[in-house]
Amino acid sequence: MAAEAGKELTIAQQERKRYSSMQSAPRFPLHLPVEVMSQSGACAAETQNISANGVLFAMDRDVPVGSLVDFTILLPGEIVGARGNVQIDCHGRVVRSFEDEGRRGVGVVIDEYHFERA
């Protein structure tokens, strides 16, 4: 039993380390409207920050940790130095959910993404 508890602690430590490394990517404070689709339906959200690993959303509804989500980010061309807007279709999973001043903060790791011409 003690050996199993040691393994669980090791797995928990590995998850914390992996989550910390995901957070280490530079974050860009972009506030963009987004619709997040999950198993429980669509919900309006706003990006709070975006990194190479994921997105932090502010939203009015809770999306439980572990939920799979789909969303599209429309980056204005002037932000990314393009002639037109850049659309990024994303698939990810919720890794963090918390309440902040009456709204939900939902952290999502992006597992797959695809650029579209907007």
- Message: Of everything in the stretch 50-95, what is touching a Pro at 6+ places or on another chain (Cβ under 7 Å) and modelled with pLDDT of 95 or more? Give them in sequence order.
- Response: Val94
- Item | Pairs, first closer than 18 Å to Glu35 by Cα and in contact (Cβ under 8 Å) with a residue 24 or more places away in the chain in the stretch 89-103, second of a type in the set (Ser, Thr, Tyr) and in a strand (DSSP E or B), C-beta under 6 Å, six or more apart | Asp89/Thr72; Cys90/Tyr113
- Tally time: how many residues in the stretch 91-118 are basic (Lys, Arg) and either loosely packed, with under 10 Cβ neighbours inside 10 Å or over 15 Å from Gln48 (Cα atoms) (or both)? 2
- Task: From (1) within 16 Å of Asp100 (Cβ to Cβ); (2) within 13 Å of the chain's Cα centre (by Cα), pick out the condition that doesn't hold for Val69.
- Result: (1)
- Item | Test set (1) more than 15 Å from the chain's Cα centre (by Cα); (2) under 17 Å from Ala25 (Cα atoms); (3) among the hydroxyl-bearing types (Ser, Thr, Tyr) - Ser51 fails condition number | (1)
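The values are calculated or read from the model by the stated rules, or taken from the named source; none is laboratory data. Quick caveat, the model's predicted, so the values are computed rather than measured. Positions of Cβ are generated from backbone atoms using ideal geometry, with glycine treated the same way; all protein chains shown enter the neighbour counts.
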